[in-house]
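> For reference, the structure I am asking about is given below.
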Amino acid sequence: MLDIQIDQATLEDCDIITEFNIRLAQETESKSLDQKLVRAGVVESLSNTRGCQYYVARYQSNVIGQVMYTREWSDWRNGEFWWFQSVYVHPDYRRQGVFQKLSQHIENLAQSNSDVVGLRLYVEKENGRAQSTYQELGFKLPGYHVMEKMLER
């Protein structure tokens, strides 16, 4: 396993996070994202005003992976779910434990916060490799489908 350091992301990590998010959308959904819009969203996320946190994996001082979590309140469970989002590992470092370390770091933070009752994430239906990775880390399919309605702007 690589000697990976996990850090909370800062504004200095904005450009690489933006690049990774654009790559993520292209790889997983064949979507081309607007770089300026994504960068603005990343800056907003890193400002700590939106209730989300980015963490990055560094190898030899270079960011090689990332994850953001957002919070969702569950009245049924009187606690928070933390949703993993914007999960990306550079292709040169996949299947080497990078996401495992990112995931474990977030899980440790969640375990130390009594308000958190669980972790969730989105995964593309066709992304069997990612599903396998997530299942190896203890994630299960809860039986829900995610639906969305995008607003016209």
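> Can you pull out every residue in the range 95-126 that is in a loop (DSSP other than H, G, I, E, B) and of a type outside the set (D, E, K, R)?
Hits for the range 95-126 are Q96, G97, S112, N113, S114, Y122, V123.
> Something else now. If a residue has to be surrounded by fewer than 16 Cβ atoms within 10 Å (Cβ to Cβ) and either in contact with a Pro (Cβ under 9 Å, 6 or more places away or on another chain) or assigned to a strand (DSSP E or B) (or both) to count, how many in the range 74-94 make the cut?
2
> Going by the structure shown, is Y88 touching a residue at least 60 places away in the same chain (Cβ under 8 Å), in contact with a Leu (Cβ under 6 Å, 6 or more places away or on another chain), at negative phi and not small (G, A, S)? Don't jump to the end; show me each part of the working.
Numbers: touching a residue at least 60 places away in the same chain (Cβ under 8 Å): yes; in contact with a Leu (Cβ under 6 Å, 6 or more places away or on another chain): yes; at negative phi: yes; not small (G, A, S): yes.
Criteria met by Y88.
> Name every residue in the range 28-40 that is loosely packed, with under 14 Cβ neighbours inside 10 Å and within 16 Å of the chain's Cα centre (by Cα), in order of residue number.
E29
> Out of everything in the range 1-27 that is among the charged types (D, E, K, R) and not in a helix (DSSP H, G or I), what residue ends up being surrounded by the most Cβ atoms within 10 Å (Cβ to Cβ)?
Within the range 1-27, the first condition is being among the charged types (D, E, K, R), and the residues that meet it are 3, 7, 12-13, 15, 19, 23, 27.
Of the ones still in play, those that are also not in a helix (DSSP H, G or I) are 3, 7.
On the way: D3: 7, D7: 13.
By that ranking, first place goes to D7.
> Got at least one residue in the range 1-10 being over 22 Å from A110 (Cα atoms), of a type in the set (A, V, I, L, M), out of contact with any His (no Cβ under 6 Å at 6 or more places or on another chain) and at pLDDT below 95? Give the steps one after another, and end with the answer.
Step one: filter the range 1-10 for residues over 22 Å from A110 (Cα atoms), giving 1-3.
Adding the requirement that they be of a type in the set (A, V, I, L, M) leaves 1-2.
In the following step, the residues that additionally are out of contact with any His (no Cβ under 6 Å at 6 or more places or on another chain) were identified as 1-2.
Add one more test, that the residue is at pLDDT below 95, and what stays is 1-2.
There is at least one residue in the range 1-10 that is over 22 Å from A110 (Cα atoms), of a type in the set (A, V, I, L, M), out of contact with any His (no Cβ under 6 Å at 6 or more places or on another chain) and at pLDDT below 95.
> Oh, and also: Quick one: V116 ticks every box in (1) surrounded by 17 or more Cβ atoms within 10 Å (Cβ to Cβ); (2) out of contact with any helix residue (DSSP H, G or I) (no Cβ under 6 Å at 6 or more places or on another chain) bar one, so which box is it?
Only one criterion is unmet by V116, namely (2).
> Still on this model: In the range 127-140, which residues are within 15 Å of F84 (Cβ to Cβ) and either charged (D, E, K, R) or in a loop (DSSP other than H, G, I, E, B) (or both)? Even if it seems obvious, please write down each step before you answer.
The first filter runs over the range 127-140 and keeps only residues within 15 Å of F84 (Cβ to Cβ), leaving 127, 130-131, 133-140.
Within the range 127-140, N127, E136, L137, G138, F139, K140 meet the criteria.
> Go through R50, R71 for me and flag whichever is assigned to a strand (DSSP E or B) and either free of Cβ contacts under 8 Å to residues at least 24 places away in the same chain or among the hydroxyl-bearing types (S, T, Y) (or both).
Unique residue meeting the criteria: R71.
> Name the residue that is modelled with the highest pLDDT, counting only residues in the range 27-60 that are touching a Lys or Arg at 6+ places or on another chain (Cβ under 8 Å) and more than 28 Å from Q96 (Cβ to Cβ).
Of everything passing the filter in the range 27-60, E44 is modelled with the highest pLDDT.
The values are calculated or read from the model by the stated rules, or taken from the named source; none is laboratory data. This structure is a prediction, so every number in the text was calculated from the model and none was measured. Every residue, glycine among them, receives a Cβ derived from its backbone with ideal geometry; neighbour counts consider all protein chains shown.
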